[in-house]
Amino acid sequence: MKKLVAIKPRVAALVDYEDRAVLPNEVKIAVEIASPKHGTEVADFRGQSPFVEEEFSEEWRMFMPRKEGTARGIVFGELPLGNMIVGRIIEAGNDVVDFPVGETVCTYGPIRETVIVNGLNNPRLRKMPLGGKWQNAICYDPAQFALSGVRDAHVRAGDYVVVVGLGAIGQIAVQLAKRTGASLVIAVDPIGHRRKVALRNGADLAIDPQTTDAGFEIKKLTNKVGADAIIETSGNAAALQGALKGIGYGGIISYVAFGKTFPEGLNFGREAHFNNAKIVFSRAASEPNPDYPRWSRKRIEDTCWELLMTGHLNCEDIIDPVIPFYESAEAYIKFVDQHPELSIKMAIDVKKESIHNLKVVPEA
């Protein structure tokens, strides 16, 4: 059996693993389609995540040094790559009654041939309904962060909304903002293909920030009012500076991106100081939700799954490219790490017929 792991920073490889039988509460899934997470997972893959040397303390609500002698947060050679899977259940434990063998499901899981998960009271193990699209299913995770970002920006009917960064989260945020009733949705991204996809799926206008002063253009397009809400998913310092220029007075910037250390040049002494801008750091996985107790992570998950499986969201254009499993290591390095501009959300075809001539390295 083969799985995709990071064997050292910025190096992916397919390695062997030993499969096992399931426990009474578990199901084993033969993976057919898998997908990585193009945001936070990249920081792990590059060895740049704060979790390498630190851990987040729920008690202190801050990062703290790991205790001496404890394992690092990321161990290369063991770090699994991947985020979402779709496949068929091939083995079920004796206690599992709701997920029979043969059921097609979607859940969180790494890029590998089989995945074993809890099959009892697991809200993140989802049955694929008749007609449900696998492209929508593997966008289950980014849809949650897009929905959270739109909600945290308080997008309302009639608003001027800008979405910055048109990866999977940004593309879904465009659709959600338009379906919420925004009168104008402006998509911002330097990659032409991504802008075209956004325009096909709800954006009214698209801006290339490399050839246009995006903040100034937003002001012109809104008759100098500026955006009521900006959903920032790129994590780019120049993009945030442009958002601060384009935001309307008292507007909200919902910062969804997993931020990095900004280079010198970001200046809060310019438009931010005069526009009474509000920056909200948005994360669907942080509990309690800002609208708790009415909204929780589970409600976000349930809502996104319904929107995805009923076709209210369209992720077919977002899945690009689709790579056979035997090419997944090279493709991960190319499309996720080195040249993310060549993809939106990569999918991996793990079906047996796609893994001929597979080359692997021994497990570390």
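The values are calculated or read from the model by the stated rules, or taken from the named source; none is laboratory data. The shown structure was predicted, so the numbers you read here are calculated from the model rather than taken from an experiment. FYI the Cβ positions are ideal-geometry reconstructions off the backbone, even for glycines, and counts take in every protein chain you see.
In this structure, is Ser328 in the same structural domain as Gln135 (by TED's automatic domain parsing), of a type in the set (Gly, Ala, Ser) and out of contact with any Cys (no Cβ under 9 Å at 6 or more places or on another chain)? So Ser328 passes the test. When segment 112-161 is limited to residues that are in contact with a Ser or Thr (Cβ under 6 Å, 6 or more places away or on another chain), surrounded by 20 or more Cβ atoms within 10 Å (Cβ to Cβ) and of a type outside the set (Gly, Ala, Ser), the one that is farthest from Glu41 (Cα to Cα) turns out to be Tyr160. Just one of the listed residues (Ala92, Ala137) is modelled with pLDDT of 95 or more and out of contact with any Gly (no Cβ under 9 Å at 6 or more places or on another chain), namely Ala137. Filtering Lys224, Lys278 for residues that are among the basic types (Lys, Arg), under 20 Å from Ser148 (Cα atoms) and either in contact with a strand residue (DSSP E or B) (Cβ under 7 Å, 6 or more places away or on another chain) or at pLDDT 95 or above (or both) leaves a single hit, Lys278. Would it be correct to say that Gly87 is assigned to a loop (DSSP other than H, G, I, E, B), under 23 Å from the mean Cα position of the chain (by Cα) and modelled with pLDDT of 95 or more? The answer is no for Gly87. Of the numbered conditions (1) more than 25 Å from Gln135 (Cα to Cα); (2) in contact with a Phe, Trp or Tyr (Cβ under 7 Å, 6 or more places away or on another chain); (3) part of a strand (DSSP E or B); (4) not aromatic (Phe, Trp, Tyr), Val27 satisfies every one except a single condition; which is it? Val27 satisfies all of (1) more than 25 Å from Gln135 (Cα to Cα); (2) in contact with a Phe, Trp or Tyr (Cβ under 7 Å, 6 or more places away or on another chain); (3) part of a strand (DSSP E or B); (4) not aromatic (Phe, Trp, Tyr) except (1). Only one of the numbered conditions (1) loosely packed, with under 15 Cβ neighbours inside 10 Å; (2) in contact (Cβ under 8 Å) with a residue 60 or more places away in the chain; (3) of a type in the set (D, E, K, R) is violated by Lys28, and that is (1). The conditions of being under 28 Å from Ile319 (Cα atoms), in contact (Cβ under 8 Å) with a residue 12 or more places away in the chain, assigned by TED's automatic domain parsing to the domain that holds Lys28 and assigned to a loop (DSSP other than H, G, I, E, B) are met by Ile74.
Out of Glu341, Glu327, Glu353, Glu306, one residue alone is surrounded by fewer than 14 Cβ atoms within 10 Å (Cβ to Cβ), at pLDDT 95 or above and either touching a Phe, Trp or Tyr at 6+ places or on another chain (Cβ under 6 Å) or assigned to a helix (DSSP H, G or I) (or both). It is Glu306. Of all the listed residues (Pro293, Pro263), the sole one being without any contact (Cβ under 8 Å) to a residue 12 or more places away in the chain, in a loop (DSSP other than H, G, I, E, B) and not assigned by TED's automatic domain parsing to the domain that holds Ser35 is Pro293.
Considering only residues of segment 48-74 that are surrounded by 15 or more Cβ atoms within 10 Å (Cβ to Cβ) and among the small types (Gly, Ala, Ser), which is nearest to Pro9 (Cα to Cα)? The qualifying residue nearest to Pro9 (Cα to Cα) is Ser49. Out of curiosity, is Asn122 on the phi < 0 side of the Ramachandran plot, of a type outside the set (A, V, I, L, M, F, W, C) and without any contact (Cβ under 8 Å) to a residue 24 or more places away in the chain? In short, yes.
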